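All remarks here apply to the structure that follows.
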Amino acid sequence: MDKGLVKLAPSILSADFAHLGKHVGEAEQAGADRIHVDVIDGHFVPNISLGIPIVASLRRVTRLPLEIHLMISDPDVFLDAFTEAGSDAFLVHWEGNNNLHRTLQRVKGLGKRVSVVINPATPAAVLEEILRDVDQVVVMTVNPGFGHQPFIHTTLPKIRRVRQMIDEIKRGCDLEVDGGIDPATAPLVVAAGANVLVAGSAIFSAGDGVVAAMERLRAAANRALT
Ligand code: DX5
Ligand code: ZN
């Protein structure tokens, strides 16, 4: 991977929702490539988070692409509403979806970018039949549902394996990682082959603000490329 190609996707799950527009504006100013929106329904994973009105509000305050990470039991039901609210991309889990290919095609039919997401316990091999149909693979580096969790180091060999598969089968496909990404873990995942980093708490819970936190993360990520 070339130097400077690591993209940052701040996850607003850890933002202060009373100041969401300000936080997202700071992330945009600091060079965020996209905003990651975690949608959680209390069924697919044991938590509840943001929904369609938040996406509509964000659409009015940022030009950055909004990628919607759907941690919900029936993603197909909500694709249209999220699209109307201004979403640019959907991240759909492999787990629990009996008709994943159909979901991916529906997202493409809406003219949006589509990603397949795999949990820490899911092997890279499941991607083989679906890789050609996606714009991005997301490897969860924590169990989905919550911010502020520690990075699971055993996902590193899988990131390497997915990078290998992408290079063989679908060059140009993004490889995003999500969970526990901070200045200590960023160089590890980039060295393993990730080129898009989601980060929530490392960006929005930093004591010295969003801009400084993003600079720190970018510098750490780029260290792995030098
Ligand atoms: C977890 C979410 C993540 C989360 C990451 O289920 O998918 O996007 O916000 O948060 P951090 O970066 O704090 O691990
Ligand atoms: Zn996420």
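Points worth noting:
- Selection status of Arg59, touching a residue at least 24 places away in the same chain (Cβ under 8 Å) and not in a helix (DSSP H, G or I): no
- Long-range neighbours under 9 Å by Cβ, at least six apart or interchain, first residue on the phi > 0 side of the Ramachandran plot within the stretch 94-115, second hydroxyl-bearing (Ser, Thr, Tyr) and not in a loop (DSSP other than H, G, I, E, B): Gly111/Thr83
- Among the residues of the stretch 31-60, those that are small (Gly, Ala, Ser) and within 16 Å of ligand 1 (Cβ to nearest atom) comprise Ala32, Gly42, Ser49, Gly51.
- From Val139, Val190, Val162, Val126, residue being away from ligand 1 (no atom under 14 Å from the Cβ), of a type outside the set (D, E, K, R), under 15 Å from the mean Cα position of the chain (by Cα) and not in a loop (DSSP other than H, G, I, E, B): Val190
- Filter pass, Val45 being surrounded by fewer than 17 Cβ atoms within 10 Å (Cβ to Cβ) and aliphatic (A, V, I, L, M): no
- Residue within the stretch 207-223 that is in contact with a Ser or Thr (Cβ under 8 Å, 6 or more places away or on another chain) and buried (at least 19 other Cβ atoms within 10 Å of the Cβ) present: no
- Flag if Leu8 is surrounded by 13 or more Cβ atoms within 10 Å (Cβ to Cβ), within 15 Å of ligand 2 (Cβ to nearest atom) and not in a loop (DSSP other than H, G, I, E, B): yes
- Search result, residues across the stretch 27-42 that are more than 17 Å from Ala89 (Cβ to Cβ) and buried (at least 21 other Cβ atoms within 10 Å of the Cβ): Ile40
No value in this document is a laboratory result; all are computed from the given coordinates. The shown structure was predicted, so the numbers you read here are calculated from the model rather than taken from an experiment. Counting neighbours? That spans all protein chains shown, and the Cβs are built from the backbone with ideal geometry, glycine included.
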